[in-house]
Amino acid sequence: MSSTQAPPAAKSRTVVWTFLASSFALFMASLDNLVVTTAIPSIRDDLDAGISELEWTVNGYTLSFAVLLMLGAALGDRFGRRRVFAAGIGVFTFASALAALAPNTDMLIAARAIQGAGAAAILPLSLTILTRAVAPEKRPMALGLWGGINGLAVALGPLVGGAIVEGGSWQWIFWINVPIGLVLIPLIFRKVEESHGPGGRLDLIGTVLVSLGMLGVVFGLVRGEGHGWTSATVLGPIAAGVLFLAAFIAHERRTPQPMLPMTMFRNRAFAALTVSGLLMFAGVFGSIFLLTQYFQGVQGYSALGAGLRILPWTAMPVLIAPLAGPLAGRIGGRPLVILGLALSAAGLAWFAVTASPDVTYAEQIPALILSGVGMSLYFIPTASLLMASVRTEQQGVASGANNAMRELGGVLGVAVLASVFSSQGGFVSPQAFVDGLVPALWVGVALAGVGSLTAALIPRRSADRIRTSSGEPGAGTDADNRKVPVAA
């Protein structure tokens with residue numbers, strides 16, 4: 001062994017600390033995707049918020065999260081992944097305190113947008129830092145756990161939010177992040193190794209174009225029902241957003257160092273994973289935004305009661321992960337992703353068929369189980385499939401792009417399903433809520449179903465067997481990202 005190499009025991013401890021630091025940070029950032037959903041009724045009452053303002057408490061976070069994800073990955077490659085990862089946690093922690101102190105919805109939405117910016121550095125870099133730290137033969141297990149933790153955090157958001165609101169106030173869903181962030185930052189600098197990716201210019205023009213484009217589209221969708229779909233204040237922002245997005249695509253095709261290389265979408269596995277992820281998040285998380293309010297406003301449960309009754313959905317990643325990881329190693333991740341999206345669609349369809357002001361909880365349990373199993377089967381193999389679909393030097397960009405598209409799917413899903421809900425129903429009575437909920441859920445079913453069909457386009461080949469989490473098909477990488485052949 002060279003004198004410059006760490007002893008195996010020391011290397012093992014570094015891997016454990018890296019896994020713990022990246023997992024806690026990932027859990028904290030992913031939890032905030034939906035932790036606010038069960039607190040929405042409390043926020044509505046406390047801050048006198050309307051439906052559009054409530055949408056922005058969710059979309060303010062996910063929109064900034066989505067459009068800055070690729071920039072976060074690029075900043076890590078250029079300035080050091082550990083440094084930018086820790087900085088992202090710092091921004092997230094600071095914004096959490098701002099959200100807790102917000103006296104009105106405008107301040108809360110601004111704080112949520114800053115939170116999303118911090119999370120944009122946390123999520124993609126947690127994956128690339130972990131990928132580099134773990135030996136090739138152990139990456140499928142490590143990245144399967146990473147995917148499971150990500151899915152578990154997102155799914156537990158409503159339960160955690162409900163428990164906190166029930167035991168205190170909605171402000172504590174944000175205060176809880178502060179001590180976690182303050183512990184993680186020094187831990188990362190002490191225990192996580194620094195690494196860099198390929199250097200290059202930052203695509204700030206692309207970041208601005210995609211940000212303005214998505215902001216315009218979502219702003220128009222959120223205002224559509226309240227201002228009329230044919231009004232200039234709705235069509236104008238949507239049209240401007242589409243133009244900015246078209247300019248973004250043109251810019252990315254032309255610039256020598258794009259934030260989202262359009263050539264990556266020629267890779268069928270990457271394209272199918274990315275598009276199916278966008279559709280899954282649109283259908284499922286748009287539905288969750290409404291279902292958490294349905295359990296409280298229509299079914300009459302408290303915030304904690306609603307969170308507890310969603311447990312058959314949210315607890316599934318814990319039960320499924322130990323089974324799905326080894327299964328993916330034997331049959332490949334592709335069938336699990338297809339089945340997961342199909343089961344998610346089936347679960348939402350069950351909700352749509354049974355929803356009524358007087359439906360019993362027992363009648364909804366199958367829908368919760370189907371949705372939970374589907375979410376688990378989707379999340380667990382996707383990280384390894386994604387890392388196996390691209391070259392080593394593309395992993396950071398691929399991770400950022402895939403996660404950005406999924407988050408944008410969530411933003412669009414909340415905006416579209418809430419618009420359908422508002423056009424068909426409202427909050428005036430339980431029956432009015434159900435009248436809006438049911439057609440919105442059917443839109444969610446359609447989105448998840450099309451996502452399952454899209455996932456079927458992932459190529460069937462040896463790379464689908466999750467034997468490695470990185471490199472080109474038929475090749476893995478060692479701890480220093482050198483290519484290592486993998487037998488077919």
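The values are calculated or read from the model by the stated rules, or taken from the named source; none is laboratory data. Worth saying up front: this structure is predicted, and the values here are computed from it rather than measured. Note: ideal-geometry Cβ built from the backbone for every residue, glycine included; neighbour counts use all protein chains shown. Side chains included, ligands, DNA and RNA excluded: accessible areas come from the protein's heavy atoms. Shrake-Rupley method; radii C 1.70, N 1.55, O 1.52, S 1.80 Å.
Odds and ends about this structure:
- Carbon/sulfur fraction of accessible area - the chain, other protein chains in place, 1.4 Å, %: 67 percent
- Solvent exposure of the stretch 62-177 amounts to 30 Å² per residue of accessible area, where only protein heavy atoms count and the probe is 1.4 Å.
- Placing +1 on the Cβ of every Lys and Arg and -1 on the Cβ of every Asp and Glu, with nothing else charged, gives the stretch 93-248 a dipole about its Cα centre of roughly 300 debye.
- Net length available on complete extension from Val242 to Arg330 is 27.4 nm, with 0.36 nm assigned per residue and the Cα-Cα distance removed.
- In summary, the helical segments of the chain meeting the span-like criteria, namely a full DSSP H run, a Cα extent along the axis of 27 angstrom or more and a mean Kyte-Doolittle hydropathy of at least -1.0, are 8-31, 51-79, 81-100, 105-133, 139-167, 204-227, 232-254, 268-297, 333-354, 361-389, 395-424, 430-455.
- Charging the Cβ of each Asp and Glu at -1 and of each Lys and Arg at +1, and nothing else, the dipole of the chain about its Cα centre rounds to 2020 debye.
- The stretch between Leu319 and Ser231 holds 26.8 nm of extra length on full extension. This uses 0.36 nm per residue minus the Cα-Cα distance.
- Global geometry of the stretch 296-455, whether rounded, prolate or oblate, following the gyration tensor of its Cα atoms and the 1.5 cut on a/c: prolate
- Estimated FRET transfer efficiency (Trp172, Arg254; beta-carbon r; R0 45 Å; 0.05): 0.40
- Here the contact order of the stretch 228-343, divided by its residue count and restricted to Cα pairs under 8 Å and six or more residues apart, works out to 9 percent.
- Magnitude of the charge dipole for the stretch 1-124, about its Cα centre and with charges confined to Cβ atoms of Lys, Arg (+1) and Asp, Glu (-1), is about 940 debye.
- Peptide ranges 360-369, 130-139 listed from the most packed, as the mean C-beta count within 10 angstrom indicates: 130-139, 360-369
- With the highest mean first, a sort of the peptides 381-390, 95-104 on other beta-carbon atoms found within 10 angstrom per residue produces 381-390, 95-104.
- Computed from label points 7 Å out along Cα-Cβ, the spacing between Ala446 and Ala110 is 3.9 nm.
- Take the stretch 300-411 with all the other protein chains still there, run a 1.4 Å probe, and you get 30 Å² of accessible area per residue.
- Extension gain for the segment Leu20 to Val208, taken as residue separation times 0.36 nm less the Cα-Cα distance, is 64.3 nm to one decimal.
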